[in-house]
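Undergrad: Questions regarding the structure given below will be posed in turn.
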Amino acid sequence: MSRLRIVLSLVLIVAASGVRAQEAVIHIDNFTFNPAELTIKPGTTVTWMNGDDIPHSIVETNARFHSRALDTGEVFTMTFADAGEIGYFCGLHPHMKGKIIVKP
Amino acid sequence: MTDKPDDHGGVTRRHALECMIWAGTGVLWTVAGGVPKSIGLLGNAEAAETAAKGFTFVQISDSHIGFNKPANPHAADTLQEAMDHVKALPVKPSFMLHTGDITHLSKAEEFDNAAQLIGSAGLDVHYVPGEHDIVDEGAGKAYRARYGKKTKGTGWYSFDQDGVHFIGLVNVANLKAGGLGSLGAEQIKWLEDDLKALKDSTPIVVFAHIPLWTVYPEWGWGTEDAAVALGYLKRFGSVTVLNGHIHQLMQKVEGNVTFHTARSTAFPQPAPGAAPSPGPMLVPAEKLRGVLGIADVTFRQGRAPLAITDYALAPS
């Protein structure tokens, strides 16, 4: 089997399984996460976009993950595989808080 | 500008109003008999007298080297202008304090540029970090490699100058969700120990990035455990607390403690609650230098409090 045919076969398997990546966006404007509370399905990729003229960062409440400082227009993405609630805040401006709820 | 000053500690309404007049450039502090006074409040003759019996130092803050957004596309230029003002002061300052946010994004080239510009004033500089100085992957490693050699923990330390005890605190590290600025138990314990050997009459100057009094919690403008730290300072006759972070002048007097925030050299921020967020405030280009500046502080033996003069980069 040629390499091309292997690749095509894999593509077909993924397509047939019905798995389709879901995406969601959280905008950061005026020192606020919008939406502040976001409900997603497992496997969803979340993108934070900083629209402020000041850097912000994303820090999980228990420091399980964090982004670098996002300058104006920069983004941070993370995929959430498991069900649960994830609290986070801005490492530079900790009064900015948000929550992601992952449920099937 | 002045946050409801009460008239306990020898700071009068007139003093507060004079501070307001000077709002905008920088702060030159004169430590006279324990309480910093800003030099702009003194005449030239008085300033000369100050030089004989005390000393002055300069506070700069929030230089944000690397910032290039519309509120000030040329933050390096305004920092250079601030240094030119420092060099032109009537009394040569003994040293400079930088109360944090030296850089915008903790990048090596930003630290390099800032050091070169600030170095042009030819003064020793004592730094504390702002939250923008510790966003490198090492959470402040880059800052501490440059400025943390003789410090403890995340970068706190103290030193003495002509009988005045200076304490640099860090309230921007290890912040918690929903919280304000924070000193943390380890630093507060160190502060308690640091103060033990000092006489009540020793003038104290505390400097840190985020205000050590609650200016506006909705924007995170305060330090959650500042009251514990200030408790250890209650016995001292003269305490001056110098902060930055809010990019505008504000002063408050509480008992023997004078709180003062300096202007930024980079860009202004709105008055508390006056805008949807505390982000950089866009002002007409010709007004910008009227809201940026330095502070000059004068200390004179046997007088209280220290005099703080805020100088704008240009008349507003």
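What follows is calculated from the coordinates using simple rules that are stated; it is not laboratory data. In this text the structure is predicted, and so the values were computed from the model without any measurement. Methodologically, a virtual Cβ is constructed for each residue, glycine included, from the backbone with ideal geometry; neighbour enumeration extends over all protein chains shown.
Undergrad: Considering the stretch B:81-104 alone, what residues qualify as being closer than 20 Å to B:Arg146 by Cβ and out of contact with any strand residue (DSSP E or B) (no Cβ under 8 Å at 6 or more places or on another chain)?
TA: B:Met83, B:Asp101
Undergrad: Hey, any hits in the stretch B:186-208 for a residue that's within 14 Å of another protein chain (Cβ to nearest Cβ) and over 16 Å from the mean Cα position of the chain (by Cα)?
TA: For the stretch B:186-208, residues within 14 Å of another protein chain (Cβ to nearest Cβ) and over 16 Å from the mean Cα position of the chain (by Cα): absent.
Undergrad: Here is a follow-up. Can you find a residue that is touching an Asp or Glu at 6+ places or on another chain (Cβ under 7 Å), crowded, with 21+ Cβ neighbours inside 10 Å and touching a residue at least 60 places away in the same chain (Cβ under 8 Å) anywhere in the stretch B:137-157?
TA: no
Undergrad: Same structure, new question: Just checking, does the stretch A:32-49 include any residue being touching a residue at least 24 places away in the same chain (Cβ under 8 Å), over 27 Å from B:Pro280 (Cα atoms) and within 14 Å of chain B (Cβ to nearest Cβ)?
TA: no
Undergrad: State whether one or more residues within the stretch B:274-282 are among the hydroxyl-bearing types (Ser, Thr, Tyr) and closer than 21 Å to B:Thr99 by Cβ.
TA: There is no residue in the stretch B:274-282 that is among the hydroxyl-bearing types (Ser, Thr, Tyr) and closer than 21 Å to B:Thr99 by Cβ.
Undergrad: Would you check which residues across the stretch B:108-131 are surrounded by fewer than 16 Cβ atoms within 10 Å (Cβ to Cβ) and either in contact (Cβ under 8 Å) with a residue 40 or more places away in the chain or not hydrophobic (A, V, I, L, M, F, W, C) (or both) and list them?
TA: Listed by number, the residues that qualify are B:Glu109, B:Asp112, B:Gln116, B:Gly119, B:Ser120, B:Gly122, B:Asp124.
Undergrad: Then there's this: Restricting attention to the stretch A:77-104, which residues are surrounded by 14 or more Cβ atoms within 10 Å (Cβ to Cβ), away from every other protein chain (no Cβ under 13 Å) and not β-branched (Val, Ile, Thr)?
TA: Passing the criteria: A:Met78, A:Phe80.
Undergrad: While we're looking at this one, here's another question. Taking the stretch B:94-108 as the region of interest, how many residues are more than 14 Å from every other protein chain (Cβ to nearest Cβ), more than 12 Å from the chain's Cα centre (by Cα) and outside any loop (DSSP other than H, G, I, E, B)?
TA: The total comes to 1.
Undergrad: Shifting gears a bit: For the stretch B:112-127, check the following and say yes or no: at least one residue is among the charged types (D, E, K, R), under 15 Å from the mean Cα position of the chain (by Cα) and in a loop (DSSP other than H, G, I, E, B). Quick ask: steps written out before the conclusion?
TA: Keep residues of the stretch B:112-127 that are among the charged types (D, E, K, R), which gives B:112, B:124.
Still in the running and under 15 Å from the mean Cα position of the chain (by Cα): none.
No.
Undergrad: For the stretch B:109-131, name all the residues that are within 14 Å of chain A (Cβ to nearest Cβ) and under 11 Å from B:Val172 (Cβ atoms).
TA: Within the stretch B:109-131, B:Pro129, B:Gly130, B:Glu131 qualify.
Undergrad: State all residues of the stretch B:75-93 that are in a helix (DSSP H, G or I), without any contact (Cβ under 8 Å) to a residue 40 or more places away in the chain and not charged (D, E, K, R); if no residue qualifies, say none.
TA: Selection gives B:Met83 alone.
Undergrad: Quick check, is B:Ile134 within 14 Å of chain A (Cβ to nearest Cβ), aliphatic (A, V, I, L, M), touching a residue at least 24 places away in the same chain (Cβ under 8 Å) and buried (at least 16 other Cβ atoms within 10 Å of the Cβ)? Let's see the steps before the verdict.
TA: Numbers: within 14 Å of chain A (Cβ to nearest Cβ): yes; aliphatic (A, V, I, L, M): yes; touching a residue at least 24 places away in the same chain (Cβ under 8 Å): yes; buried (at least 16 other Cβ atoms within 10 Å of the Cβ): yes.
So B:Ile134 passes the test.
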